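Student: Got a structure here, written out as structure tokens. Questions coming.
The values are calculated or read from the model by the stated rules, or taken from the named source; none is laboratory data. Worth saying up front: this structure is predicted, and the values here are computed from it rather than measured. Every residue, glycine as well, gets a Cβ built from its backbone with ideal geometry; the counts of neighbours run over all protein chains shown. Just the protein is used for accessible areas: all its heavy atoms, side chains included, with ligands, DNA and RNA removed. Shrake-Rupley method; radii C 1.70, N 1.55, O 1.52, S 1.80 Å.
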Amino acid sequence: QVQLVESGGGLVQPGGSLRLSCAASGSIVRNSIMAWYRQTAGPERELVAVMTPGGSTKYAFSVKDRFTISRDNAKNTVYVQMNSLRPEDTAVYYCTLMENGRTYWGQGTQVTVSS
């Protein structure tokens, strides 16, 4: 059974940084497509960053050059480093793991950017 546990969210001032972590069990992150999504008040979730098994990455235009997705194979954990945070980055952030045609979601972690 695949389980994803996010951590690292919180309250940060505009211009600050946070690093979110996603610890996986039941699957191997380096063999899967890993991604971070975020959701604000509406029902839709926005794709923020993706990493393939080969290590290729892609980012939403709104976070490009500010966010960096990475993984630690030894810890079976994926991260997103978020710099120069803005109030519009406020959201619940979710980690996902995609394999064999299925997508698994974590429980989400709240990020609030406010002064």
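Student: State whether one or more residues within segment 44-54 are within 19 Å of GLN107 (Cβ to Cβ), of a type outside the set (Phe, Trp, Tyr) and in contact with a Ser or Thr (Cβ under 6 Å, 6 or more places away or on another chain).
Tutor: Taking segment 44-54 and keeping what is within 19 Å of GLN107 (Cβ to Cβ), we get 44-49.
Right, trim to of a type outside the set (Phe, Trp, Tyr) and you get 44-49.
In the following step, the residues that additionally are in contact with a Ser or Thr (Cβ under 6 Å, 6 or more places away or on another chain) were identified as none.
No - not one qualifying residue is present in segment 44-54.
Student: Related question: Looking at ILE28, ILE69, can you tell me which residue is out of contact with any helix residue (DSSP H, G or I) (no Cβ under 9 Å at 6 or more places or on another chain), open to solvent by 50 Å² or more (accessible area, probe 1.4 Å) and among the aliphatic types (A, V, I, L, M)? Step through it out loud before you land on a result.
Tutor: On the way: ILE69 fails: open to solvent by 50 Å² or more (accessible area, probe 1.4 Å).
Testing whether each residue is out of contact with any helix residue (DSSP H, G or I) (no Cβ under 9 Å at 6 or more places or on another chain), open to solvent by 50 Å² or more (accessible area, probe 1.4 Å) and among the aliphatic types (A, V, I, L, M) leaves just ILE28.
Student: Restricting to segment 1-25, give me the number of residues that are of a type in the set (Asp, Glu) and loosely packed, with under 12 Cβ neighbours inside 10 Å. Step through it out loud before you land on a result.
Tutor: Initially, segment 1-25 is screened for residues of a type in the set (Asp, Glu), giving 6.
Filter again for loosely packed, with under 12 Cβ neighbours inside 10 Å, leaving none.
The total comes to 0.
Student: I'd like the residue in segment 72-109 that is of a type in the set (S, T, N, Q), open to solvent by 50 Å² or more (accessible area, probe 1.4 Å) and closer than 20 Å to ALA24 by Cβ and, out of all such residues, is farthest from the chain's Cα centre (by Cα).
Tutor: Initial filter on segment 72-109 (of a type in the set (S, T, N, Q)): 73, 76-77, 81, 83-84, 90, 96, 100, 103, 107, 109.
Now narrow it down to the ones that are open to solvent by 50 Å² or more (accessible area, probe 1.4 Å): 73, 81, 83-84, 100, 103, 107.
Restricting the remaining residues to those that are closer than 20 Å to ALA24 by Cβ gives 73, 81, 100, 103, 107.
Numbers: ASN73: 16, GLN81: 9, ASN100: 20, THR103: 14, GLN107: 12 Å.
Across segment 72-109, the extreme among qualifying residues is ASN100.
Student: Still on this structure, I have one more. If you go through segment 35-54, how many residues are surrounded by 10 or more Cβ atoms within 10 Å (Cβ to Cβ) and more than 17 Å from TYR94 (Cβ to Cβ)? Let's see the steps before the verdict.
Tutor: Residues of segment 35-54 that are surrounded by 10 or more Cβ atoms within 10 Å (Cβ to Cβ), as a first pass: 35-40, 45-53.
Those left that are additionally more than 17 Å from TYR94 (Cβ to Cβ): 52-53.
Of the residues in segment 35-54, 2 are surrounded by 10 or more Cβ atoms within 10 Å (Cβ to Cβ) and more than 17 Å from TYR94 (Cβ to Cβ).
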